[in-house]
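A.B. asks: Let me give you the structure first, and then I'll get to my questions.
The values are calculated or read from the model by the stated rules, or taken from the named source; none is laboratory data. It should be emphasised that the depicted structure is a prediction, and the values quoted were computed from it without experimental measurement. We place every Cβ from the backbone using ideal geometry, glycine too, and count neighbours over all the protein chains shown. Each accessible area value is taken on the protein alone, full model and side chains, heavy atoms only, with ligands, DNA and RNA left out. Shrake-Rupley method; radii C 1.70, N 1.55, O 1.52, S 1.80 Å.
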Amino acid sequence: MKAQVTIVCSLLFFLTTECSLYKPKIHRKDKDDFQTPLWKHKFSRTQDKCSGNCSLTSNCSQSCDLYFHGEIVFTCNQGKWQKTTETCTSLSVDALFQGANPAASLSMASSSLFPMNLVDSKAQHHIGDVFQGIHKYCPEDYVCIVDPVKSSKVTSGNIAFVVELLKNISTGLQTLDGQHGNVTHEKMKNYGKMANHILNKTAISNWAFIPNKNASSDLLESVNAFAKKLQIHHESESIVNELFIQTKGAHIYRNSSENSFNLSMPVSDDTEDALVLIEIPRQALRELPSNVSQAIGIAFPTLGAILKEAHGPNVNLPKPVNGLILSLVLPEKLKEIVLTFDKINKSQSASSRCAGWHSEKRQWDESPCKTVSDARRTVNCHCKCNRTVMSFSILMSSKPVRDKVLNYITFVGLSVSIFSLALCLVIEAVVWSRVVVTEISYMRHVCIVNIAVSLLTANVWFIIGSNAYVREDRKWCVAVTFFSHFFFLSLFFWMLFKALLIVYGILVVFRRIMKSRMMAIGFLVGYGCPLVIAVITITVTGPREGYIRDDACWLNWNKTKALYAFAIPALAIVAVNLLVVLAVAINTQRPLMGSSKSQDMAIVFRISKNVAILTPLLGLTWGFGLATLLEGTHLVFHIIFALLNAFQGFFILVFGTIMDYKIRDALRMRGSREQQRRHR
């Protein structure tokens, strides 16, 4: 009998010793260890089960690593085994309450030594009992389950377990009234710690193998429902401040001047924090009740990479998230909110748009939000609130077809224009002495040369400003914007001076102005006026950091309306030059009594030729830009505007230089002389 007792005692001592040896391997506190995804470990015991080639309809399963229960399922994809789902988990209700309930130690010890699916099923509790366990052992702060969750490895099975755990807590809380039904700051902090564990960046890849494809949206809705019962005590306070989930709250007063608060969170170790600013419009504030209200914001920096949309069988519309996912608990009377998101990927040339998460459809919905501005670093959203809890973010979208077509036309046209303008200047230099005989012809060619120089220089600065490195450097971007603004204005003012010369030639017949005086007036108008406008613009808007746009090296519009300093002078000059072209057309059409049909056709041809020549030289093509400013303008108008202005240098070469018969005669004579020299 003593021998049997001795054997039993020895066996119990052995089991207890082995349990203490294995426990640290399962519940390691080391940060690096519990954040290492299980799928990176080799399953040496069962790896040979899914080796070799496979057929299209075949599948395979492996058992999990030691001390985990569940399975890993593989399917055949292009002749190779590919993991599709994984349910490996080391968590159970027993594991959660082991420290709080000493009676559970023996069952936990046995489950540590043997696979959990071999333990007596009566010892296994369904996860639905977890809320009862919390209510029994740690109803005030949920602290009794935090350490087991945080020390578990972020396998797909454990992630799914924690999602169901948080969902169960949130659902159970809705059934309670009184003190236990409220969410205290301590409850919110510990709830956030458990959510933060499965939102870790190292866990992102394992979310794809969870059988429940709605797990990510379940997590979002569970956190939102839990936070809805949180009460804010102070004016503004931070409740949860974890790496991958952050919660802040603030009181809202109807007549308060402070109507905003922000959430700032790190996205990765090597980038700056992403920020989201929450503002309540004053009109919306006035519509709130007179008593104090509260707003709660919950930010998720990594949930955008995890959150899966529910699509139909024939629909696949991935919408990458490019900002924090922000959940807001707002007063029921609040109907609108203004959000400013920092872009996570600021180098993306793709556009962004604001959207809200539709919890019932499990999809992003763009209808509640309007994208006010889409800058290089931030996106401003104006969103309507139709529920007390809503989630928002910004979605990336590739450049629309319209932008791709227009960009292609623009850069091809600019290349052709730069070459054409350079050729125009070379031709003017070659024939200069032969074509500048009178004062009018001299000033005409001075205008053409300066128009070509201004447009050529402006195009070069435009190309420099389109470089991503230049846009990143604010000082360089300001310099590029200033010179682009100056030379584009110079282009228009030289066109204006040319139009004035045409009027002068038509109206003034007997009186002539000296060449030197005309040159002084020309350079004063062509370069003096643009310089004054450009300097005033940068002086007024520069100190307020409203001179340039956030997404391009060009004049700002949203903040300071600096673009008016280009648009107003340019459109005014286009209007004046249009009147000049009409005057030329009227002056060309000489009424002839009893004129023949051939004479009428000659008049029409002469008018058409003059209009065709003057239109690019006087910048009338820029008038098509008015149509593109209207919302909903057809793509055809945008293409016409891009073609006419991108190829403006080519049109100046053709209509201003090549179609001039004096220049053609001079080139012909120059060519014949060169041939004579060669024959000699």
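A.B. asks: Taking 0.36 nm per intervening residue step and subtracting the Cα-Cα distance, what contour gain separates N386 from E237 on full extension?
C.D. replies: Full-extension gain reported as 51.1 nm.
A.B. asks: Quick check: from the Cα gyration tensor, does the range 402-464 come out rounded (a/c under 1.5), prolate or oblate?
C.D. replies: prolate
A.B. asks: Quick one: with all protein chains in place, what share of the accessible area of the range 138-241 is carbon or sulfur, to the nearest percent (1.4 Å probe)?
C.D. replies: That share works out to 50 percent.
A.B. asks: Once both labels are modelled 7 Å past Cα along the beta-carbon direction, what's the K308-W476 spacing in nm?
C.D. replies: Taking the two extended label points, one gets 4.3 nm.
A.B. asks: Starting from the amide H of I394, placed 1.01 Å from N in the peptide plane, find each other amide H under 5 Å away whose residue is 5 or more places distant or on another chain.
C.D. replies: Here the answer is N322, G323, since their amide H atoms fall under 5 Å of that of I394.
A.B. asks: Here's something else I'd like to know. Taking the full set of protein chains and a 1.4 angstrom probe, give the accessible area of T410 in square angstrom, rounded to the nearest 10.
C.D. replies: Result for T410: roughly 40 Å² accessible.
A.B. asks: Taking only the Cα atoms of the range 138-184, how large is their convex hull per residue, in Å³?
C.D. replies: About 63 Å³ per residue, rounded to a whole number.
A.B. asks: For F493, F647, F341, give the ranking by accessible area with the largest first, probe 1.4 Å.
C.D. replies: F647, F493, F341
A.B. asks: Relative contact order of the range 437-522: what whole-number percent is it, with Cα pairs under 8 angstrom and at least 6 residues apart?
C.D. replies: RCO, the range 437-522: 41 percent.
A.B. asks: Counting only the heavy atoms of the protein chains, how much of M514 is accessible to a 1.4 Å probe, in Å² to the nearest 10?
C.D. replies: In the full protein context, M514 sits at about 120 Å².
A.B. asks: Suppose the chain between S433 and N291 were pulled fully straight at 0.36 nm per residue; how much longer would it get relative to their current alpha carbon spacing?
C.D. replies: Fully extending the segment from S433 to N291 adds 42.7 nm.
A.B. asks: Around K308, which amide H atoms from residues at least 5 apart in sequence, or from another chain, sit under 5 Å from its own amide H, with H modelled in the peptide plane?
C.D. replies: Placed amide hydrogens put S216, S217 under 5 Å from K308.
A.B. asks: Using a Förster radius of 35 Å, what is the FRET efficiency between Y469 and F419 based on their Cβ-Cβ separation? Nearest 0.05, please.
C.D. replies: 0.90
A.B. asks: Treat each spin label as a single point 7 Å out from the Cα along the C-beta direction, and report the L667 to V540 distance in nm.
C.D. replies: The answer from the label model is 4.4 nm.
A.B. asks: Please work out the ratio of the alpha-carbon Rg of the range 636-680 to 2.2 N^0.38 Å and round it to two decimals.
C.D. replies: Expressed relative to 2.2 N^0.38 Å, the Cα Rg reads 1.84.
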